[in-house]
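Student: Before I ask anything, here is the structure I am working with.
Laboratory data are not the source of any read-out in this text; all were calculated from the coordinates shown. Model, not experiment: these values are computed from the prediction. All Cβ positions, glycine included, derive from the backbone under ideal geometry; neighbour counts span all protein chains shown.
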Amino acid sequence: MVKIRLQRAGARNRPFYRIVAAYSEAKRDGRFLEIVGTYNPLLNPAKVDVLEDRVRHWLSVGAQPTQTVARILRKKGIRKEAA
């Protein structure tokens, strides 16, 4: 199964995340299929950049976002509320 999830980058105490499509069996910071965005929680407000067409593609082929990514996508208006 493919998941859309966060991949941590950045230094200690300075987190920066990539939003990636990856197989659910892969490690958190391991192999991924495609980078579909970035998330920087240190800025106020947090900065989110998303490639909407690629996220929509992965959702259309059955990828499941994690809870955190689903919340980010809802704020960006890409994903509706969960049923």
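Student: If I stretch the segment between residue 78 and residue 24 completely, what's the gain in nm (0.36 nm per residue apart, minus their alpha carbon distance), one decimal?
Tutor: Values: separation 54, 0.36 × 54 = 19.44 nm, distance 2.15 nm.
Contour length minus Cα-Cα distance gives 17.3 nm.
Student: If you don't mind, there's one more thing I want to ask. Over the range 1-76, what is the relative contact order in percent, taking alpha-carbon pairs closer than 8 angstrom and at least six residues apart? Present the calculation step by step, with values, prior to reporting the outcome.
Tutor: Working: 125 pairs, mean separation 23.0, N = 76.
Across the range 1-76, relative contact order equals 30 percent.
Student: Continuing with the same structure: Restricting things to alpha carbons, find the Rg to Rh ratio for the chain using the Kirkwood radius for Rh.
Tutor: With Rh from the inverse mean 1/r over Cα pairs, Rg/Rh is 0.95.
Student: Given only helices, namely DSSP H runs of n ≥ 4 each adding -39500 (n - 2.57), what is the per-residue ellipticity at 222 nm of the chain, to the nearest 500 deg cm²/dmol?
Tutor: On the way: 2 runs with 19 residues, N = 83.
Taken over the chain, the calculation gives -6500 deg cm²/dmol.
Student: Would you mind ranking 51, 6 so that the residue whose beta carbon has the fewest other beta carbons within 10 Å leads the list? Could the numbers behind the result be given before it?
Tutor: Working: 51 15, 6 21.
The fewest-first ordering by Cβ neighbours comes to 51, 6.
Student: Given 45, 26, 4, which one lies farthest toward the positive end of the charge dipole of the chain, if we put +1 on the Cβ of every Lys and Arg and -1 on the Cβ of every Asp and Glu?
Tutor: About the Cα centre, the residue reaching furthest to the positive side is 45.
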